[in-house]
Amino acid sequence: MSKAFEIVILSGKGGTGKTSITAAFASLAKHAVFTDCDVDAADLHLVLSPDIYRTEDFESGAKAIVNTDKCTGCELCRDVCRFSALEFKNGIPVIDEYACEGCGLCSIVCPVDAISVHNYNNNKIYFANCRFGPMVYGKLGVAEENSGKLVSKIRQYARELTRQHQAEIIVTDGPPGIGCPVISSVTGSDLVLAVTEPTMSGWHDLERLIEMIGGFKTPVFVVINKYDLNEEMTQLIEQRLDAMNIQVIGKIPYSETMVLALLEAKTINEFDPAGYIAGELTRIWETITFTIKQHHKPINI
Amino acid sequence: MKIAFPASANKPEALIDERFARCPFFCFYDFGTQQIEFKENMLRNGAGGVGLQVAEFMANNGVDKVLAVEFGPKAKDTLTKLRIGTESITSGKTVQQIIDENRPA
Amino acid sequence: MKIAITSGKGGTGKTTVSTGLFHILSRYLKHHVQLLDCDVEEPDCHIFIRASKTAVYPVNLMIPEIKTDLCTFCGKCKAACAFNAIVMLPPAKFIEVSADMCHGCGACSYVCPENAIVEKPSSIGQITHFDYYAKDEFIEGRLHIGSALQTRVIRETITHARQQGIILFDSPPGTSCPVIATVSKSDYVVMVTEPTPFGLNDLILMVDTVKQLGKKHGITINKAGLDYKPLYEYISQNNIPLLGEIPFRKELAGAYSKGEIVAASGPEIRKVFENITRKLLHETSLNL
């Protein structure tokens with residue numbers, strides 16, 4: 001049995017239609033496992049309506065806690081903290097839990113052992129089945145952190161699910177941006193599909209995303225969504241990507257159908273299977289799966 | 001020469017594990033003594049930097065080469081720095097198969 | 001007064017709102033205002049704000065380097081490191097800090113009895129200051145590509161604001177640590193959403209986060225026009241002030257795509273933004 005292929009759908013800029021496109025792929029993919037790694041604003045489940053059969057708690061970071069009874073007010077802890085997470089109010093240390101990174105240096109320097117570091121488990125991982133196959137996704141606890149590790153863990157579980165279900169492909173709805181959860185989504189994946197829009201900010205964000213992915217040598221394809229909102233910009237993006245040797249494998253026009261499908265919790269290919277957009281997305285999906293299989297053949301024979 | 005690879009359980013008929021740093025067991029095989037040894041991977045549930053620490057664990061166990069289906073980029077870098085070789089293997093094989101394939105003639 | 005402009009979902013028009021508020025406050029309502037682009041992974045405000053660059057500052061992380069000739073391999077640094085960033089192999093005289101894992105907390109150099117650890121600055125981002133019509137300022141935080149320490153760049157960017165007038169934070173999207181780093185330093189939060197199921201789902205997450213942080217807040221609906229009732233019901237049931245609605249118009253999308261400040265693209269839309277700004281000032285109890 002060979003390793004399942006992992007496709008990650010990213011965008012740099014949010015709101016380009018990443019999740020709607022991922023959902024459309026879900027209705028086209030066979031023998032697939034789906035994940036939503038946009039853990040702080042997961043939306044894929046709104047379309048795929050998964051039935052959750054198991055929920056797991058996941059670590060959400062470590063924070064320092066002060067035992068104020070023991071504290072002598074020496075203020076050593078505040079002096080060493082590089083995250084400005086400790087302040088003294090009326091002689092009592094107060095920890096800014098949103099600034100604390102849990103490094104524990106304050107507890108190391110404390111001469112009376114008044115500070116300890118606690119681990120929290122407020123993030124969630126959901127195991128589910130949806131009408132297109134197994135799904136695993138995560139949700140960050142309110143005001144919690146550790147999104148990068150949560151993404152790594154979700155992907156690890158997705159790989160385990162592919163073995164159990166003999167699935168061939170993992171389709172991941174990735175997070176926006178280029179920071180730690182995005183890095184965790186791209187690491188070790190087989191192909192990135194970047195969804196952009198013909199706006200200056202769409203291009204700016206895509207350029208940064210491509211540079212970030214360049215460090216991983218993962219192949220990248222681009223889809224320009226709502227391309228007709230500014231055709232001049234679309235052309236410019238195509239030219240620039242061409243110069244970078246990156247292929248635009250599809251262009252999708254602006255259409256209200258996207259939102260109308262969403263209102264009925266359907267993928268665009270379920271809502272309007274004979275429509276132009278559904279056809280274009282089918283073609284894009286076939287290009288992706290064909291390429292990825294070509295790309296991997298020599299390794300798996 | 002001593003090799004190591006991830007195993008899903010501590011017995012020769014068990015399948016190898018596809019994860020490197022977070023596998024449940026490591027199997028060590030010494031070409032010289034022909035000894036097979038399993039060690040539980042106590043590092044696997046660490047919060048972060050597991051790949052690095054497993055690489056260090058390999059070095060402390062005198063391993064010359066690590067075989068795995070997938071290596072994390074940091075684990076691979078660190079293994080190289082510690083002068084430990086890395087080699088890719090395909091999944092679906094048993095511990096015994098891997099040993100047989102690597103046993104010197 | 002520090003106001004964070006956020007959105008649970010990306011692409012709802014957060015930057016449209018923050019650049020619009022900045023422009024209206026600065027040009028029409030004659031306030032002293034600073035705009036901070038805290039979306040350091042994908043800072044986009046500069047595309048819309050035509051301002052002149054005045055200064056650039058690096059954001060550094062202090063990364064430890066262990067001098068193997070001084071090191072006795074006692075293992076104290078490794079034990080102190082909460083991020084498992086130190087790899088040590090005494091027989092080979094090998095010890096190294098993985099810069100990717102390091103948070104720059106300084107615990108290792110603090111505990112080292114041999115003074116064998118030196119810390120060297122490593123750049124993770126930069127902060128750029130711009131002048132906006134002489135009286136106002138635009139400050140951009142930008143994460144270097146490949147770095148995962150976005151919150152550090154955000155915190156540093158916020159320290160660059162002068163403590164006077166109105167300070168606007170263009171927050172990153174979502175609800176995770178970069179958003180917390182921004183919102184926790186604000187006095188009031190403007191949440192931008194859109195009338196779709198995705199918009200509502202992510203708005204609810206955002207409201208939970210903002211309530212947890214105990215911040216006063218209001219909502220702006222962008223791309224309004226689609227009568228998505230659940231959103232309006234949620235807003236009224238939860239008694240959240242609706243600061244205003246920005247209509248969906250193809251010409252506004254066109255102005256945005258070309259990098260124009262949407263609020264300045266026509267008299268009608270300017271009026272919409274002026275009303276939102278006045279309502280916001282009223283909510284934050286600032287007098288005009």
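The values are calculated or read from the model by the stated rules, or taken from the named source; none is laboratory data. The shown structure was predicted, so the numbers you read here are calculated from the model rather than taken from an experiment. Every residue, glycine as well, gets a Cβ built from its backbone with ideal geometry; the counts of neighbours run over all protein chains shown. To get the accessible areas, we keep the full protein, side chains included, count just its heavy atoms, and leave off ligands, DNA and RNA. Shrake-Rupley method; radii C 1.70, N 1.55, O 1.52, S 1.80 Å.
Condition (residue is at the interface with another protein chain (Cβ under 10 Å from one of its Cβ atoms) and open to solvent by less than 10 Å² (accessible area, probe 1.4 Å)) applied to the stretch A:181-193: is it met by at least one residue? I'd like the intermediate steps shown before the answer.
The initial filter retains those residues of the stretch A:181-193 that are at the interface with another protein chain (Cβ under 10 Å from one of its Cβ atoms), namely A:181-184, A:187-188.
In the following step, the residues that additionally are open to solvent by less than 10 Å² (accessible area, probe 1.4 Å) were identified as A:182.
Yes, some residue in the stretch A:181-193 is at the interface with another protein chain (Cβ under 10 Å from one of its Cβ atoms) and open to solvent by less than 10 Å² (accessible area, probe 1.4 Å).
Considering the stretch A:194-209 alone, what residues qualify as being closer than 13 Å to A:Leu10 by Cα and either surrounded by fewer than 22 Cβ atoms within 10 Å (Cβ to Cβ) or more than 10 Å from chain C (Cβ to nearest Cβ) (or both)? Quick ask: steps written out before the conclusion?
Looking only at the stretch A:194-209, we keep the residues that are closer than 13 Å to A:Leu10 by Cα, and these are A:194-197, A:202, A:205-209.
Of everything in the stretch A:194-209, those that are closer than 13 Å to A:Leu10 by Cα and either surrounded by fewer than 22 Cβ atoms within 10 Å (Cβ to Cβ) or more than 10 Å from chain C (Cβ to nearest Cβ) (or both) turn out to be A:Ala194, A:Val195, A:Thr196, A:Glu207, A:Arg208.
Which residue pairs have Cβ atoms closer than 6 Å, lie 6 or more positions apart in sequence or on different chains, and pair a first residue in the stretch A:229-249 that is more than 14 Å from every other protein chain (Cβ to nearest Cβ) with a second residue that is assigned to a helix (DSSP H, G or I)?
As it stands, the answer is A:Val248/A:Glu238; A:Val248/A:Leu241; A:Ile249/A:Ile284; A:Ile249/A:Thr287, since those pairs meet every condition given.
Against the conditions (1) in a loop (DSSP other than H, G, I, E, B); (2) among the charged types (D, E, K, R); (3) within 8 Å of another protein chain (Cβ to nearest Cβ), where does C:Asp69 fall short? Just the number, please.
(3)
Which residue is most open to solvent (accessible area, probe 1.4 Å), if the candidates are limited to the stretch A:68-84 and must be closer than 22 Å to A:Tyr98 by Cα and of a type in the set (Val, Ile, Thr)?
A:Thr68
Results for (1) of a type in the set (Gly, Ala, Ser); (2) in a strand (DSSP E or B), shown as yes or no for each residue.
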residue	(1), (2)
A:Ala42	yes, no
A:Leu46	no, no
A:Thr55	no, yes
A:Ala62	yes, yes
A:Asp69	no, no
A:Thr72	no, no
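Only one residue in A:Val142, A:Val109, A:Val151 is touching a helix residue (DSSP H, G or I) at 6+ places or on another chain (Cβ under 7 Å), within 14 Å of chain C (Cβ to nearest Cβ) and open to solvent by 50 Å² or more (accessible area, probe 1.4 Å). Which one? Write out each step before concluding.
On the way: A:Val109 fails: open to solvent by 50 Å² or more (accessible area, probe 1.4 Å); A:Val151 fails: open to solvent by 50 Å² or more (accessible area, probe 1.4 Å).
Exactly one of A:Val142, A:Val109, A:Val151 is touching a helix residue (DSSP H, G or I) at 6+ places or on another chain (Cβ under 7 Å), within 14 Å of chain C (Cβ to nearest Cβ) and open to solvent by 50 Å² or more (accessible area, probe 1.4 Å), namely A:Val142.
Consider A:Phe83 against the criteria (1) modelled with pLDDT under 95; (2) touching a Phe, Trp or Tyr at 6+ places or on another chain (Cβ under 6 Å): it satisfies all of them except one. Which criterion is unmet?
So the condition that A:Phe83 fails would be (2).
Residues in the stretch C:53-66 that are open to solvent by less than 70 Å² (accessible area, probe 1.4 Å) and either at pLDDT 95 or above or more than 30 Å from C:Val87 (Cα to Cα) (or both): how many?
Narrowing the stretch C:53-66 to residues open to solvent by less than 70 Å² (accessible area, probe 1.4 Å): C:55, C:59, C:61, C:63-64, C:66.
Among the residues that remain, those that are also either at pLDDT 95 or above or more than 30 Å from C:Val87 (Cα to Cα) (or both) are: C:55, C:59, C:64, C:66.
The total comes to 4.
Looking only at residues in the stretch A:154-180 that are at pLDDT 90 or above and in a helix (DSSP H, G or I), which one is most open to solvent (accessible area, probe 1.4 Å)?
My answer is A:Tyr157.
Yes or no, residue by residue, for (1) within 13 Å of chain B (Cβ to nearest Cβ); (2) more than 23 Å from the chain's Cα centre (by Cα); (3) open to solvent by less than 70 Å² (accessible area, probe 1.4 Å):
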position: C:Cys81; (1), (2), (3): yes, yes, yes
position: C:Ile86; (1), (2), (3): yes, yes, yes
position: C:Ile95; (1), (2), (3): yes, yes, yes
position: C:Glu119; (1), (2), (3): no, yes, yes
position: C:Glu137; (1), (2), (3): no, no, yes
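Might you check whether a residue that is open to solvent by 20 Å² or more (accessible area, probe 1.4 Å), in a helix (DSSP H, G or I) and either farther than 30 Å from A:Tyr53 by Cβ or more than 8 Å from every other protein chain (Cβ to nearest Cβ) (or both) occurs anywhere in the stretch A:215-226?
No; the residues of the stretch A:215-226 include none that is open to solvent by 20 Å² or more (accessible area, probe 1.4 Å), in a helix (DSSP H, G or I) and either farther than 30 Å from A:Tyr53 by Cβ or more than 8 Å from every other protein chain (Cβ to nearest Cβ) (or both).
State which residue pairs qualify: first residue within 24 Å of A:Met233 (Cβ to Cβ) and inside the stretch A:206-222, second residue modelled with pLDDT under 90 in any location, beta carbons under 7 Å apart, and separation of 6 or more residues or different chains.
A:Met212/C:Gly146
Identify the single condition in (1) among the acidic types (Asp, Glu); (2) closer than 25 Å to A:Ser201 by Cα; (3) at the interface with chain A (Cβ under 8 Å from one of its Cβ atoms) that C:Asp170 does not satisfy, given that it satisfies every other one.
The failed condition is (3).
Can you tell me which residues in the stretch C:16-26 are in contact with a Phe, Trp or Tyr (Cβ under 7 Å, 6 or more places away or on another chain) and either open to solvent by 10 Å² or more (accessible area, probe 1.4 Å) or part of a loop (DSSP other than H, G, I, E, B) (or both)?
Answer for the stretch C:16-26, where residues must be in contact with a Phe, Trp or Tyr (Cβ under 7 Å, 6 or more places away or on another chain) and either open to solvent by 10 Å² or more (accessible area, probe 1.4 Å) or part of a loop (DSSP other than H, G, I, E, B) (or both): just C:Thr16.
Select from the stretch C:150-165 the residues that are away from chain A (no Cβ under 14 Å) and open to solvent by 20 Å² or more (accessible area, probe 1.4 Å) and write down the one among them that is nearest to the chain's Cα centre (by Cα).
The selected residue is C:His160.
Confirm whether A:Leu281 is away from every other protein chain (no Cβ under 13 Å), in contact with a helix residue (DSSP H, G or I) (Cβ under 8 Å, 6 or more places away or on another chain) and open to solvent by less than 10 Å² (accessible area, probe 1.4 Å). Show your work before the answer.
Details: away from every other protein chain (no Cβ under 13 Å): yes; in contact with a helix residue (DSSP H, G or I) (Cβ under 8 Å, 6 or more places away or on another chain): yes; open to solvent by less than 10 Å² (accessible area, probe 1.4 Å): yes.
It is true that A:Leu281 is away from every other protein chain (no Cβ under 13 Å), in contact with a helix residue (DSSP H, G or I) (Cβ under 8 Å, 6 or more places away or on another chain) and open to solvent by less than 10 Å² (accessible area, probe 1.4 Å).
Select from the stretch A:14-35 the residues that are away from chain C (no Cβ under 12 Å) and within 22 Å of A:Val142 (Cβ to Cβ) and list them in ascending order.
A:Thr35
All but one of (1) within 25 Å of the chain's Cα centre (by Cα); (2) surrounded by fewer than 22 Cβ atoms within 10 Å (Cβ to Cβ) hold for A:Asn90, so report the exception by its number.
Condition not satisfied by A:Asn90: (1).
Please work out if A:Ile249 is under 26 Å from A:Pro181 (Cα atoms), of a type in the set (A, V, I, L, M, F, W, C), in contact with a strand residue (DSSP E or B) (Cβ under 8 Å, 6 or more places away or on another chain) and open to solvent by less than 40 Å² (accessible area, probe 1.4 Å). If you could, list the steps in order and put the result at the bottom.
Numbers: under 26 Å from A:Pro181 (Cα atoms): yes; of a type in the set (A, V, I, L, M, F, W, C): yes; in contact with a strand residue (DSSP E or B) (Cβ under 8 Å, 6 or more places away or on another chain): yes; open to solvent by less than 40 Å² (accessible area, probe 1.4 Å): yes.
For A:Ile249, the condition - under 26 Å from A:Pro181 (Cα atoms), of a type in the set (A, V, I, L, M, F, W, C), in contact with a strand residue (DSSP E or B) (Cβ under 8 Å, 6 or more places away or on another chain) and open to solvent by less than 40 Å² (accessible area, probe 1.4 Å) - is met.
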